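Asker: Let me give you the structure first, and then I'll get to my questions.
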Amino acid sequence: MIILSLPETVNNIVQSAMSIIISDEILQASQLTPEEFYQEIALYLFQTGRLTVGYASQLAQISPNAFRQLLKQRAIPLYNYDVEDFELDLKNLKELGRL
């Protein structure tokens, strides 16, 4: 059994922690070590935009640099730069006279 503790923040200040108990049965079914389980949850929450690199690395119980390396190994982008962002950048560059 592992206990997953997640910080609860309000205005970027940690207020309390939430604990989730993961049964041995679920952990065994996942075929992951407890460390890998933490990392998979952290990767998912980062990838879906729910956690920053800092919080995801805390959840994964590794340093932010190690978490960035894990993102690189998994080909998960550190930044989510989509078409809308690109179009906004183009618009701003044109307004600044740089294009």
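The values are calculated or read from the model by the stated rules, or taken from the named source; none is laboratory data. Just so it is clear, the model here is predicted, and its values are computed rather than measured. FYI the Cβ positions are ideal-geometry reconstructions off the backbone, even for glycines, and counts take in every protein chain you see.
Asker: Just need a number here: residues in the stretch 75-97 that are of a type in the set (D, E, K, R) and assigned to a loop (DSSP other than H, G, I, E, B).
Answerer: Qualifying residue count for the region: 1.
Asker: Which number in (1) assigned to a loop (DSSP other than H, G, I, E, B); (2) surrounded by 11 or more Cβ atoms within 10 Å (Cβ to Cβ); (3) of a type outside the set (A, V, I, L, M, F, W, C) marks the one condition that Arg68 misses?
Answerer: (1)
Asker: While we're on this one: Within the stretch 29-65, how many residues turn out to be assigned to a helix (DSSP H, G or I), crowded, with 18+ Cβ neighbours inside 10 Å and among the aliphatic types (A, V, I, L, M)?
Answerer: Total meeting the criteria: 6.
Asker: Which residue pairs have Cβ atoms under 6 Å apart, sit 6 or more places apart or on different chains, and have a first residue in the stretch 29-47 that is closer than 12 Å to Gln61 by Cβ and a second that is of a type in the set (Val, Ile, Thr)?
Answerer: The qualifying pairs are Pro34/Ile2.
Asker: Could you tell me which residue of the stretch 79-99 is nearest to the chain's Cα centre (by Cα), considering only residues that are surrounded by 11 or more Cβ atoms within 10 Å (Cβ to Cβ) and either closer than 24 Å to Val53 by Cα or of a type in the set (S, T, N, Q) (or both)?
Answerer: That would be Asp85.
Asker: Only one of (1) outside any helix (DSSP H, G or I); (2) of a type outside the set (Asp, Glu); (3) touching a helix residue (DSSP H, G or I) at 6+ places or on another chain (Cβ under 9 Å); (4) at pLDDT 90 or above is not met by Pro7, so which one is it?
Answerer: Pro7 satisfies all of (1) outside any helix (DSSP H, G or I); (2) of a type outside the set (Asp, Glu); (3) touching a helix residue (DSSP H, G or I) at 6+ places or on another chain (Cβ under 9 Å); (4) at pLDDT 90 or above except (4).
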